[in-house]
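Here the structure comes first, spelled out in structure tokens, and everything after it is commentary.
The values are calculated or read from the model by the stated rules, or taken from the named source; none is laboratory data. Only a predicted model underlies this, so the values are computations on that prediction, with no experimental measurement involved. Backbone-built Cβ (ideal geometry, glycine too); neighbour counts: all protein chains shown.
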Amino acid sequence: MNIVNQMDLSFPAKSSNESFARSAVASFILQLDPTINELADIKTAVSEAVTNCIVHGYGYGDGTVYINVKITDKGKVIIKIRDKGCGIPDIERAMEPLFTTAGDEERAGLGFAVMQSFTDKIKVSSTVGKGTTVTLEKNIIRHRNSSGGADLGHGE
């Protein structure tokens, strides 16, 4: 599996930038000609991961969210969303539905469950005091061209 394209993005950890992040990732993967549902799935998963950085990683404080998106020659999208915030002491517990560290805020604790349901694979790595990286993978359904081969979406 070879990387055919990638992008890096960073922005201040502000709630107002969450929609920018999901739109930027969605715009980048348009080159694969995803279905509306695939696009919506990725946007939702990215939105949840970025929100986790802002709310849980930095506690709405100062910080930067980092996103790296790679597209493989097999139509896989790999999205890494990272913060340098407080980290997660117990990843397994944090990934349980309804668990939240948001305290009195009205948070459902479903962020990781939502990410899992809208992607093919999720990996979370974290170090307390250093930050968290969420890696999301999604295979984009390939449309067949007239010769029966896969159209990789790069104007071949």
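Just give me the residues in segment 112-143 being assigned to a strand (DSSP E or B) and β-branched (Val, Ile, Thr), in sequence order. It would help to see each step written out before you state the result.
Taking segment 112-143 and keeping what is assigned to a strand (DSSP E or B), we get 121-127, 131-139.
Of everything in segment 112-143, those that are assigned to a strand (DSSP E or B) and β-branched (Val, Ile, Thr) turn out to be Ile122, Val124, Thr127, Thr132, Thr133, Val134, Thr135.
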| request: Could you check how many residues of segment 64-104 are closer than 18 Å to Glu137 by Cα and at pLDDT below 75? | output: 1
| message | I'm told Ala150 meets every condition in (1) in contact with a Lys or Arg (Cβ under 7 Å, 6 or more places away or on another chain); (2) modelled with pLDDT under 90; (3) closer than 23 Å to Ser23 by Cα except one. Can you identify the failing condition by its number? | response | (3)
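I'd like the full set of residues that are under 28 Å from Tyr60 (Cα atoms) and either surrounded by fewer than 15 Cβ atoms within 10 Å (Cβ to Cβ) or in contact with a helix residue (DSSP H, G or I) (Cβ under 7 Å, 6 or more places away or on another chain) (or both), limited to segment 18-35.
Of the residues in segment 18-35, the ones under 28 Å from Tyr60 (Cα atoms) are 18-28.
Answer for segment 18-35, where residues must be under 28 Å from Tyr60 (Cα atoms) and either surrounded by fewer than 15 Cβ atoms within 10 Å (Cβ to Cβ) or in contact with a helix residue (DSSP H, G or I) (Cβ under 7 Å, 6 or more places away or on another chain) (or both): Glu18, Ser19, Phe20, Ala21, Arg22, Ser23, Val25, Ala26, Ser27.
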| field | Of the criteria (1) modelled with pLDDT of 90 or more; (2) in contact with an Asp or Glu (Cβ under 7 Å, 6 or more places away or on another chain), which one Val114 fails | value | (1)
| said: Out of everything in segment 36-63 that is in contact with a helix residue (DSSP H, G or I) (Cβ under 9 Å, 6 or more places away or on another chain) and β-branched (Val, Ile, Thr), what residue ends up being modelled with the lowest pLDDT? | reply: Val55
| Restricting the search to segment 127-147, which residues are out of contact with any Pro (no Cβ under 9 Å at 6 or more places or on another chain), basic (Lys, Arg) and either at pLDDT below 95 or farther than 22 Å from Ile88 by Cβ (or both)? | Arg142, Arg144
| request: Report yes if Gly61 is exposed (fewer than 14 other Cβ atoms within 10 Å of the Cβ) and either touching a residue at least 40 places away in the same chain (Cβ under 8 Å) or of a type in the set (Phe, Trp, Tyr) (or both), otherwise no. | output: yes
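For every residue, the table says whether it meets (1) in a strand (DSSP E or B); (2) under 14 Å from Asp83 (Cα atoms).
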site: Gln6; (1), (2): yes, no
site: Ala21; (1), (2): no, yes
site: Gln31; (1), (2): no, no
site: Tyr66; (1), (2): yes, yes
| message | Quick check on segment 1-38: of everything there that is free of Cβ contacts under 8 Å to residues at least 24 places away in the same chain and under 12 Å from the mean Cα position of the chain (by Cα), which residue is farthest from Thr64 (Cα to Cα)? | response | Ala26
